[in-house]
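A quick write-up on the structure given underneath.
The values are calculated or read from the model by the stated rules, or taken from the named source; none is laboratory data. All of these numbers come straight from a predicted model, not from anything done at the bench. Positions of Cβ are generated from backbone atoms using ideal geometry, with glycine treated the same way; all protein chains shown enter the neighbour counts.
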Amino acid sequence: MSQPPKIVDKFGIESYGGSQMWLPDKMLLNSGCGIIAGLDAILRLKGEERMKREEYFERFFDAKDYIRPLTVGKNREARKLFGKEFLGSFGVTASRFKRGIKKLAAKEGLTIKVKPFRFRWWEKVPQYLKGGDPLIMLITAPFENVSIEMPTGTKGKLGFHWVTITDIEGDTLTVSSWGTKCKMSVRELRKFNVILHFYSVSLENQSDLV
């Protein structure tokens with residue numbers, strides 16, 4: 001299985017992958033999940049499995065110049081868009097993610113493959129996980145009707161969000177999100193009004209598993 005890097009805070013507490021929630025910038029806090037997913041994948045492929053949060057911040061602000069959110073204007077003050085708070089960013093789109101992570105990998109001295117898949121994903125995910133390469137999912141749920149459960153048992157609802165998949169067992173999908181190990185329901189993710197994109201990220205010299 002592919003696990004996200006452990007990021008260590010000043011108290012020595014380890015996270016489960018990176019988190020945009022650590023950032024002081026409101027726009028990146030609102031739209032940094034795609035950057036986090038891409039950066040964590042590259043760190044995993046490089047074998048960098050543990051680092052201090054200060055170093056991770058430096059790597060993140062470098063990564064955001066390659067995996068770029070779709071932004072509108074230069075004003076980062078909150079405003080209303082369709083009745084909701086808008087901070088000038090629509091997040092990292094699928095096309096920007098694919099281009100950006102390849103550029104980030106090249107900058108880090110890697111040549112990677114980013115293989116998308118969607119059809120019968122619940123059957124393919126276990127096969128990709130066995131290979132140990134990072135596996136990333138983009139969730140687009142216009143009605144924000146997909147639940148995610150935190151380690152504390154608290155549940156939230158998702159609309160547009162990037163996560164790293166780390167395990168699947170029965171109806172339970174385990175993902176890295178916000179620096180924690182979260183749970184999601186395969187059944188909920190298979191709803192007709194939820195759009196998913198999956199990306200297996202691997203080194204160029206590796207053969208495809210599926």
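Summed over the stretch 11-46, the residues that are surrounded by fewer than 17 Cβ atoms within 10 Å (Cβ to Cβ) and at pLDDT 95 or above give a count of 5.
Of note, Lys102 satisfies the criterion of being within 18 Å of Leu203 (Cα to Cα) and either among the charged types (D, E, K, R) or modelled with pLDDT of 95 or more (or both).
Quick check: anything in the stretch 129-136 in a helix (DSSP H, G or I), β-branched (Val, Ile, Thr) and either under 18 Å from Arg44 (Cβ atoms) or touching a residue at least 24 places away in the same chain (Cβ under 8 Å) (or both)? No - not one qualifying residue is present in the stretch 129-136. For the residues Leu104, Leu110, the requirement of being in a loop (DSSP other than H, G, I, E, B) and of a type in the set (A, V, I, L, M, F, W, C) singles out Leu110. Being within 16 Å of the chain's Cα centre (by Cα) and not in a helix (DSSP H, G or I), is that true of even one residue in the stretch 30-39? Yes: one or more hits. The number of residues in the stretch 172-200 that are of a type outside the set (Lys, Arg) and over 13 Å from the mean Cα position of the chain (by Cα) comes to 11. Would you please list the contacts, defined by Cβ atoms under 8 Å and residues six or more apart or on different chains, that run from a residue in the stretch 12-33 that is under 13 Å from Tyr56 (Cβ atoms) to a residue that is β-branched (Val, Ile, Thr) and part of a helix (DSSP H, G or I)? These pairs meet every condition: Gly17/Ile36; Gly18/Ile36; Ser19/Ile36; Gln20/Ile35; Gln20/Ile36.
Would you say Thr93 is of a type in the set (S, T, N, Q), modelled with pLDDT of 95 or more, under 18 Å from Gln20 (Cα atoms) and surrounded by 12 or more Cβ atoms within 10 Å (Cβ to Cβ)? Criteria not met by Thr93. Looking only at the stretch 137-156, decide whether some residue is basic (Lys, Arg), within 24 Å of Lys6 (Cα to Cα), in contact with an Asp or Glu (Cβ under 6 Å, 6 or more places away or on another chain) and at pLDDT below 95. Looking through the stretch 137-156, at least one residue is basic (Lys, Arg), within 24 Å of Lys6 (Cα to Cα), in contact with an Asp or Glu (Cβ under 6 Å, 6 or more places away or on another chain) and at pLDDT below 95. Of everything in the stretch 173-202, what is of a type outside the set (Lys, Arg), loosely packed, with under 13 Cβ neighbours inside 10 Å and more than 22 Å from Val92 (Cβ to Cβ)? Give them in sequence order. Selection gives Phe192 alone. Within the stretch 40-51, the set of residues being more than 11 Å from the chain's Cα centre (by Cα) and closer than 17 Å to Ser177 by Cα comprises Ile42, Leu43, Arg44, Glu49, Arg50.
Every residue in the stretch 44-57 that is in a helix (DSSP H, G or I) and under 14 Å from Ser19 (Cα atoms), please. Of everything in the stretch 44-57, those that are in a helix (DSSP H, G or I) and under 14 Å from Ser19 (Cα atoms) turn out to be Arg53, Glu54, Glu55, Tyr56, Phe57. For the stretch 118-162, filtering for residues that are more than 15 Å from the chain's Cα centre (by Cα) and buried (at least 21 other Cβ atoms within 10 Å of the Cβ) leaves 3. Cβ-Cβ distances below 8 Å connect the following pairs, each with a first residue in the stretch 157-181 that is at positive phi and free of Cβ contacts under 8 Å to residues at least 40 places away in the same chain, a second residue that is surrounded by 15 or more Cβ atoms within 10 Å (Cβ to Cβ) and among the aliphatic types (A, V, I, L, M), and a separation of six or more residues or different chains: Gly170/Val186.
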